[in-house]
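In what follows, a single structure is set out as structure tokens and then discussed.
The values are calculated or read from the model by the stated rules, or taken from the named source; none is laboratory data. What you see is a predicted model; the values in this text were computed from it and never measured. Quick reminder, even Gly has a Cβ in these numbers, built from the backbone with ideal geometry, and neighbours come from all protein chains shown.
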Amino acid sequence: MLDSDCVSAGDILRFDATDGTNSSVTDHTVTADEVDDGGLFEFNLTLGPIPGNVNGDGGLTTADATIALQMAVRGEYSEVADVSGDRAVTSLDALMILQAVANNITL
């Protein structure tokens, strides 16, 4: 936790929340009023599916890439598997999931 002595107006705080299946990352820009109020602020963070976590186990693994590739071959669609955002599950999505597993990209 931070207190208002550690934060200045204009600083950006990043919040990364997960429940193991769903996640959300959001940024909040600190305002002068929030600093004057002792650093207190509130906002809601809605958790959504973890991009690329096709099997729903809470993390990205090679199994997710394999399932995405199988979906591509069968012509199936899943928003979670469509990490490229082109409204189709293709071999590119499987490749991107593998790259994320290797920590080469962030989805």
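Hey, any hits in the range 72-85 for a residue that's on the phi > 0 side of the Ramachandran plot, of a type in the set (K, R), more than 12 Å from the chain's Cα centre (by Cα) and not in a strand (DSSP E or B)? Checking the range 72-85: not a single residue is on the phi > 0 side of the Ramachandran plot, of a type in the set (K, R), more than 12 Å from the chain's Cα centre (by Cα) and not in a strand (DSSP E or B). For beta carbons closer than 7 Å, sequence separation of 6+ or different chains, a first residue in the range 70-91 that is free of Cβ contacts under 8 Å to residues at least 12 places away in the same chain and a second that is surrounded by 14 or more Cβ atoms within 10 Å (Cβ to Cβ) and of a type in the set (A, V, I, L, M), the qualifying pairs are D82/A88; D82/V89. Looking across T18, T26, one residue alone is out of contact with any helix residue (DSSP H, G or I) (no Cβ under 7 Å at 6 or more places or on another chain), in contact (Cβ under 8 Å) with a residue 24 or more places away in the chain and of a type in the set (V, I, T). It is T18.
When only residues in the range 10-37 that are more than 17 Å from L107 (Cα to Cα) and surrounded by 12 or more Cβ atoms within 10 Å (Cβ to Cβ) count, which is modelled with the lowest pLDDT?
Going through the range 10-37, the residues more than 17 Å from L107 (Cα to Cα) turn out to be 10-13, 19, 28-37.
Adding the requirement that they be surrounded by 12 or more Cβ atoms within 10 Å (Cβ to Cβ) leaves 11, 13, 28, 30-31, 34-35.
Details: D11: 91, L13: 89, H28: 89, V30: 89, T31: 90, E34: 86, V35: 83.
Of everything passing the filter in the range 10-37, V35 is modelled with the lowest pLDDT.
Restricting attention to the range 43-65, does a residue exist that is at pLDDT below 90, in contact with a Phe, Trp or Tyr (Cβ under 9 Å, 6 or more places away or on another chain) and not charged (D, E, K, R)? Spell out the reasoning first.
Within the range 43-65, the first condition is being at pLDDT below 90, and the residues that meet it are 43-50, 56-59.
So of that shortlist, the ones also in contact with a Phe, Trp or Tyr (Cβ under 9 Å, 6 or more places away or on another chain) come out as 43, 45.
Remaining after also requiring not charged (D, E, K, R): 43, 45.
Scanning the range 43-65 turns up at least one residue that is at pLDDT below 90, in contact with a Phe, Trp or Tyr (Cβ under 9 Å, 6 or more places away or on another chain) and not charged (D, E, K, R).
Please tell me if I67 is assigned to a helix (DSSP H, G or I), buried (at least 17 other Cβ atoms within 10 Å of the Cβ) and touching a residue at least 40 places away in the same chain (Cβ under 8 Å).
Working: assigned to a helix (DSSP H, G or I): yes; buried (at least 17 other Cβ atoms within 10 Å of the Cβ): yes; touching a residue at least 40 places away in the same chain (Cβ under 8 Å): no.
When the stated conditions are applied, I67 does not pass them.
Suppose we filter the range 1-56 for residues that are among the β-branched types (V, I, T), within 30 Å of R87 (Cβ to Cβ), in a loop (DSSP other than H, G, I, E, B) and out of contact with any Ser or Thr (no Cβ under 7 Å at 6 or more places or on another chain); how many remain?
To start, the set of residues in the range 1-56 that are among the β-branched types (V, I, T) comprises 7, 12, 18, 21, 25-26, 29-31, 35, 46, 50, 54.
If we keep only those that are within 30 Å of R87 (Cβ to Cβ) as well, we get 18, 21, 25-26, 46, 50, 54.
Then drop every residue that is not in a loop (DSSP other than H, G, I, E, B), which leaves 21, 46, 50, 54.
Of the ones still in play, those that are also out of contact with any Ser or Thr (no Cβ under 7 Å at 6 or more places or on another chain) are 21.
Residues meeting the conditions: 1.
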